[in-house]
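Visitor: Dumping the structure here so I can ask a few things about it.
Quick note: the coordinates plus some simple rules give every number you see, no bench work behind them. Every value quoted in this text rests on a predicted model; they were computed, and no experiment measured them. Cβ coordinates were reconstructed from backbone atoms using ideal geometry, including for glycine residues, and neighbour counts include every protein chain displayed.
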Amino acid sequence: MQDEVEGTEPVQALLPGRKAMVVRLTCKSGLRPALLDALNTYADGLAEEPGTEVFMVSLDPENEDLVWLTEVFKDDDAENEHRSSRGFATMIAELNELLEEPPAVLRMDPLRLVMQETLLQEDWAF
């Protein structure tokens, strides 16, 4: 098995027209579990947003009040559809009660993706 992993070429793609952002969410002290619940509920409904290609939730290892989102959208239209979705509106209403400060957003235009194919072969069942 180890030989198969070492010999596997990564998946690569150019990402013309994609839009991305990293979002820093600072929750009120002790409310990170509630924040994660809101984000996970939203993520469970992403089938309604096929243009939202990546929605990754990350925990800050040094600050229990920070959660990071990484989002990638197929194009400007997909990002606009994301913002106008019912699920997004519901999530934002919940976040307004949980956040200590407004989200900090860093916008990006992705150029290239390189990903180990073995990531897609893992058992992702909850």
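Visitor: Arrange Thr26, Thr118 by Cβ neighbour counts within 10 Å, fewest through most, would you?
Guide: Details: Thr26 19, Thr118 12.
Sorted ascending by nearby Cβ count, the order is Thr118, Thr26.
Visitor: Right, next: Quick one: Karplus J couplings for segment 10-16, per residue in order, coefficients 6.51, -1.76, 1.60, θ = phi - 60°, nearest Hz, x for Gly and Pro?
Guide: Each residue's phi maps through the Karplus curve to give x, 6, 10, 8, 7, 10, x Hz.
Visitor: Report the gain in length on full extension from Phe55 to Val114: 0.36 nm times residue separation, minus Cα-Cα distance, nm rounded to one decimal. The partial results should precede the final answer.
Guide: Numbers: separation 59, 0.36 × 59 = 21.24 nm, distance 1.70 nm.
Length gained, Phe55 through Val114: 19.5 nm.
Visitor: Another question about this same structure. Per residue and in Å³, how big is the convex hull formed by the alpha-carbon atoms of the chain?
Guide: For the chain, the hull spanned by Cα atoms encloses 133 Å³ per residue.
Visitor: So for Glu64, Glu49, fewest C-beta neighbours within 10 Å to most, what's the order?
Guide: On the way: Glu64 13, Glu49 20.
With the fewest neighbours first, Glu64, Glu49 line up as Glu64, Glu49.
Visitor: What's the exposure ranking of Arg83, Arg24, going from fewest to most Cβ atoms within 10 Å? Provide the component values of the computation, followed by the final result.
Guide: Values: Arg83 11, Arg24 16.
Final ranking by Cβ density, sparse to dense: Arg83, Arg24.
Visitor: With θ taken as phi - 60° and the coefficients 6.51, -1.76 and 1.60, list the Karplus ³J(HN,Hα) couplings across segment 71-86 in order, rounded to whole Hz; mark glycine and proline as x.
Guide: Values, residue by residue: 10, 10, 10, 4, 6, 4, 4, 5, 5, 5, 5, 4, 5, 9, 6, 5 Hz.
Visitor: While we're here: Rounded to the nearest 500, what is the chain's calculated 222 nm mean residue ellipticity when only DSSP H runs of at least 4 contribute -39500 (n - 2.57) each, over all residues? Mind dumping the intermediate values first?
Guide: Details: 5 runs with 44 residues, N = 126.
Calculated from helices alone, the mean residue ellipticity at 222 nm is -10000 deg cm²/dmol.
Visitor: At what distance in nm do the modelled label points of Asp77 and Leu15 sit from each other, each positioned 7 Å from its Cα along Cα→Cβ?
Guide: A separation of 2.0 nm, rounded to one decimal place.
Visitor: What are the residues whose amide H is under 5 Å from the amide H of Val54, where those residues sit 5 or more places off or on another chain and H is modelled from the backbone?
Guide: Sorted by chain and number, the residues that satisfy this are Val72.
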